[in-house]
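Asks: Mind having a look at this structure? Questions to follow.
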Amino acid sequence: RLVLEQDVLRRRWTNRRAARACSLRRRRIASKTLSSSGEAPAFTFSAAAAPPAVGKSEAIEQVRQRAKAGQCFSRTCFDDGPTARRRGPRRRRELGAARAGRERPRRAATSSPPTRETSKRGCTNEAARPRPRGRGDFKPAPPRPTQAQKRLPKHNSHPASLRPTLPAMASLIGGDALVTGKDRIEGLCLLVIDPQNDFHAGGSLAVPGAEEDCARTAAFLRKNGDKINSVVITLDTHHTAHVAHPAFWERATDASARPDPFTVITSKDIEAGTWRARDPALRAWALEYARKLEAGGRFALCVWPEHCLLGTEGHAVSAPLKEAALDWARRNNKTVAWLLKGMNNKTEMYSCFSAEVPVAEDPATSLNAALIAGIARHDKVVCCGQAKSHCVNYSVRDLLAAWPADKPKSDVVLLNDATSPVPGFEAAAEQFEAYLREAGATVSTTDAL
């Protein structure tokens, strides 16, 4: 400890001697420069001299005048006496500017940094000159990544042409090849929409005929498995607090009251206070959603029985189609693409490609153009599932609306014997079938195709 203290004292003494020698050297240089002009020096440069008789501003002005006359100092900064060792980088810059014949303006703390108009060697703008870095300009270096962080894959490290968009990947599982490629895919793409238990016999929202539709779809997949290159199965996926479920709503006069299934809630009902969202933060959105839904012209807000709740048996795929899809995947060494839809509680998603009212903060609710483009790369797209009046209806409509212009719409095929409408919505199913024929799409059956 004693040796360390002595070493510290020795270093301090050495630094003081060096600073004193440097100060004397600067004074001699300044004395010679001032005396060469024929005038008396403004300072007395001796170790025992009295304080300077001229202030700092007067001395700087004298230096500026000498510099304009061509009598410049050397590279050493002008020394103004006892304050030499206490001078900071800003003061040195001011004295250096005075020596060069210009006065550097101090930049206000709130002003934005000047833009550099030219290179460092060819600055023409006075404000754009590179400023020496001082204590206030210090910027800490970014932290170095750890070894574990270095081993992680970099974000967006693959080419932009192969980079899938966020809406395409937000709810698609196992279908990366559909949204990352661009080449033509030989064979068929089988698009099965919502073949889940809740839409079959015994489910909370059973569609009559769904059991037979599922059996025919499974048989079609087993029979034509070698010709089918991709299988995309969509899954209606909800929570109890979904906007189309009773648990989302309450009466303004009775907080315990819930709407019955198949109740239609209009924007006027919400404005009148007949029904309102249970969550106060969603009440304004509920009214906005009902208005936008009605303006779209497709639906009014209908409260459905709770169905396809994530994690329940009703959310699972019906057994015959599930086994057929897994056998196809094993036989062809491929992966079934699973597309989850309807997970956002604030909007309904009948179409598997877009929500009825997109939510700005959820890109998965906007049109999934990347997936449509990937499906369209196949020779034909065969569609089926539940229900013909709702999810199949509007999924195929979105598919045809975004279909590539260089491909015939006849490549979109509806298996008419593998889909059925919701009871009471048979007219919507008939209108959908008429729309397909008018648009040029193909309406066929599992046996005929």
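Asks: Limited to region 273-287, what total is found for residues that are open to solvent by less than 40 Å² (accessible area, probe 1.4 Å), not aliphatic (A, V, I, L, M) and not in a helix (DSSP H, G or I)?
Replies: 2
Asks: List pairs: first residue in region 1-28 and charged (D, E, K, R), second residue part of a helix (DSSP H, G or I) and surrounded by 11 or more Cβ atoms within 10 Å (Cβ to Cβ) anywhere in the structure, Cβ distance under 8 angstrom, at least six positions apart or on different chains.
Replies: R26/A84
Asks: Quick check on my filter: what residues within region 420-449 are crowded, with 19+ Cβ neighbours inside 10 Å and within 37 Å of the chain's Cα centre (by Cα)?
Replies: F432, L436, A441
Asks: Within region 400-421, track down each residue that is in a loop (DSSP other than H, G, I, E, B), among the hydrophobic types (A, V, I, L, M, F, W, C) and without any contact (Cβ under 8 Å) to a residue 24 or more places away in the chain.
Replies: A405
Asks: Quick check on K380: is it under 19 Å from W304 (Cβ atoms), open to solvent by 10 Å² or more (accessible area, probe 1.4 Å) and at pLDDT 95 or above?
Replies: no
Asks: Restricting the first residue to region 231-245 and requiring it to be crowded, with 23+ Cβ neighbours inside 10 Å, which pairs with a second residue that is of a type in the set (S, T, Y) meet a Cβ separation below 8 Å and a spacing of at least six or different chains?
Replies: T234/S395; V243/Y289; V243/T347
Asks: For region 350-367, how many residues are part of a loop (DSSP other than H, G, I, E, B), of a type outside the set (D, E, K, R) and either open to solvent by less than 10 Å² (accessible area, probe 1.4 Å) or free of Cβ contacts under 8 Å to residues at least 24 places away in the same chain (or both)?
Replies: 8
Asks: Please enumerate the residues belonging to region 183-206 that are farther than 20 Å from F353 by Cβ and open to solvent by less than 10 Å² (accessible area, probe 1.4 Å). Show your work before the answer.
Replies: Initial filter on region 183-206 (farther than 20 Å from F353 by Cβ): 183-184, 186-187, 197-198, 200-206.
Within region 183-206, H200 is the sole residue that qualifies.
Let's see how each residue does on (1) open to solvent by less than 20 Å² (accessible area, probe 1.4 Å); (2) part of a helix (DSSP H, G or I); (3) among the hydroxyl-bearing types (S, T, Y):
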{"position": "D226", "(1), (2), (3)": "no, no, no"}
{"position": "F262", "(1), (2), (3)": "no, no, no"}
{"position": "E271", "(1), (2), (3)": "no, yes, no"}
{"position": "Y289", "(1), (2), (3)": "yes, yes, yes"}
{"position": "R298", "(1), (2), (3)": "no, no, no"}
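Asks: Same structure, new question: Which one is least open to solvent (accessible area, probe 1.4 Å) among residues in region 302-339 that are β-branched (V, I, T) and over 12 Å from I233 (Cα atoms)?
Replies: The qualifying residue least open to solvent (accessible area, probe 1.4 Å) is V303.
Asks: Would you check if A387 is touching a residue at least 60 places away in the same chain (Cβ under 8 Å) and within 19 Å of G174 (Cβ to Cβ)?
Replies: Taking the combined requirement at face value, the residue does not satisfy it.
Asks: Restricting attention to region 323-348, which residues are hydrophobic (A, V, I, L, M, F, W, C) and without any contact (Cβ under 8 Å) to a residue 60 or more places away in the chain?
Replies: Across region 323-348, the qualifying residue is only L326.
The values are calculated or read from the model by the stated rules, or taken from the named source; none is laboratory data. All values derive from a computational prediction rather than experimental measurement. Neighbour counts are summed over all protein chains in view; Cβ atoms, including those assigned to glycine, are modelled from backbone coordinates with ideal geometry. For the accessible areas, the whole protein counts, side chains as well, though only heavy atoms, and no ligand, DNA or RNA atoms are used. Shrake-Rupley method; radii C 1.70, N 1.55, O 1.52, S 1.80 Å.
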